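Chemist: My structure is below; once you've seen it, I'll send some questions.
Computed from the coordinates by the stated procedures, all read-outs in this text should not be read as laboratory data. Quick caveat: nothing in here was measured; it's all calculated off a predicted structure. In this analysis, Cβ positions are derived from the backbone assuming ideal geometry, glycine residues included, and neighbour counts consider all displayed protein chains.
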Amino acid sequence: MRWNLRLAAANRGIWKASELQRMLADHGLHISAGKLSGLWSGDPASIKLSDLDVICVVLGCEVGELLIPEPDKVQRPGHDDGGQAQPTAASSSSSSPSGRSPVTPKRRDRRSLPPL
């Protein structure tokens, strides 16, 4: 995902992070200057959904304008850059579609599990 706050704000005539910070505070979302700097300048590691709601209300936008999907950046397991599958010894001997052995849960207290 690409974070697009700065462009979404600019499209609404908001050019300074401090202006957005004031507008968010007017709607009950008090963000520190440091956190807002991270949101404003680029790629935040996380954001609360409730904060995202307030940002959308303040900017009058949809979540899709702030979070832009980038599916081409997702790498599929077992594929190189050319999209060719990488053969592995495990994939030919395993019955699992992912090429891994199925996980069997075990209890830590050594009691048996209920029947499936």
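Chemist: Of the options SER46, TRP3, GLY13, report the single residue whose Cα projects farthest towards the positive end of the charge dipole of the stretch 1-74 (beta-carbon charges: Lys, Arg +1; Asp, Glu -1).
Modeler: GLY13
Chemist: Per-residue counts of other Cβ atoms within 10 Å, averaged by peptide: what ranking do you get for 63-71, 8-16, 43-51, highest first?
Modeler: Packing proxy ranking, top to bottom: 8-16, 63-71, 43-51.
Chemist: Give me the one-decimal nm value for the distance between modelled label points at ARG111 and SER37, 7 Å along each residue's Cα-to-Cβ direction.
Modeler: So the two model labels end up 5.4 nm from each other.
Chemist: Can you pick out the pairs among LYS48/LYS73; LYS16/LYS48; LYS73/LYS106 whose Cα atoms lie more than 31 Å from each other?
Modeler: LYS73/LYS106
Chemist: Nearest 0.05, what FRET efficiency do ALA25 and ILE47 give at R0 = 22 Å with Cβ-Cβ as r?
Modeler: FRET efficiency, ALA25 to ILE47: 0.85.
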